[in-house]
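Visitor: Take this structure first; my questions come after.
None of the figures in this text is laboratory data; all of them are computed from the coordinates on show. Everything numeric here is computed off the predicted structure, so don't read it as measured data. Note: ideal-geometry Cβ built from the backbone for every residue, glycine included; neighbour counts use all protein chains shown.
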Amino acid sequence: MSSSESDKGVQNTPPKKKKYSVSYKPDWEKDDLFEGWLSKSNKGPDFAYCKVCSCDINITRGGKNDIKRHKETKKHESNKLKIRGQQSLDQMFTKKSTSLEKLVKQSEIRIAAFIVEHNIPINVMEHFPDLIRAVCPDSEVAKRITCGRTKTTKIISEVLGRSDVDIMVEAMQTNKFSLTADESTDKSTKKHLAVIVRIARNNLKVNIMFIM
């Protein structure tokens, strides 16, 4: 048998194409198209999980392209619209906690302002928060009020005082005024400087403000 005849008996089979397996990559979650709703599937590396549709996506054929095709389905778009206006539990509790803290701060500032307005001794604040909690046991705001003597003093000087100074400076910039200063020293040899401001405004009505 000739070599040519032997060659005819042998079939030339084409080489098999090498299959490349596509596995899930965590970096895909950072992609702007998938951020927030894509995660790893419990079914293995051949799948991705959609949090919006609560389903697994087979990615063995096209990898990221399979996920993009799922994103463009009517089911995914519909589910995405449904949850867009919903808040997560973390967001709900964070918002509630933030608003409660704000109410507590506002309440402590109002109490400090009441002490100043009626010239009540600051030492009363050592017991006043306990009284509020006893009178309003069902109030979450009352339970969180903790402004004792030291904290109330800081609120008066650093919050209310600075706010009043800003109001007074603004009034002095648009009205006629006069200043009187008085310096003194108390028993503890602590020096004080009192500045009295007389401002004429509202049809020459004189308002008197003090800076200590």
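Visitor: LYS191 versus GLU29, label points 7 Å from Cα toward the beta carbon: distance in nm?
Guide: 6.3 nm
Visitor: Also: Using a ≥ b ≥ c from the Cα gyration tensor of segment 18-84 (square roots of the eigenvalues), is it rounded, prolate or oblate, where a/c under 1.5 gives rounded and otherwise the larger of a/b and b/c decides, a/b for prolate?
Guide: The shape class here is prolate.
Visitor: Sticking with this one: To the nearest 20 debye, what is the magnitude of the charge dipole of segment 94-174 about its Cα centre, counting +1 on the Cβ of each Lys and Arg and -1 on the Cβ of each Asp and Glu?
Guide: Charge dipole, segment 94-174, about its Cα centre: 380 debye, nearest 20.
Visitor: Quick check on packing: order 154-166, 188-200 by the mean number of other C-beta atoms within 10 Å, highest mean leading.
Guide: 154-166, 188-200
Visitor: To continue, here is another question. Using each residue's phi in segment 108-123, evaluate 6.51 cos²θ - 1.76 cosθ + 1.60 at θ = phi - 60° and report the 3J(HN,Hα) Karplus result to the nearest Hz, with x for Gly and Pro.
Guide: Couplings: 5, 5, 5, 5, 4, 5, 5, 4, 5, 4, 9, 6, 8, x, 5, 5 Hz.
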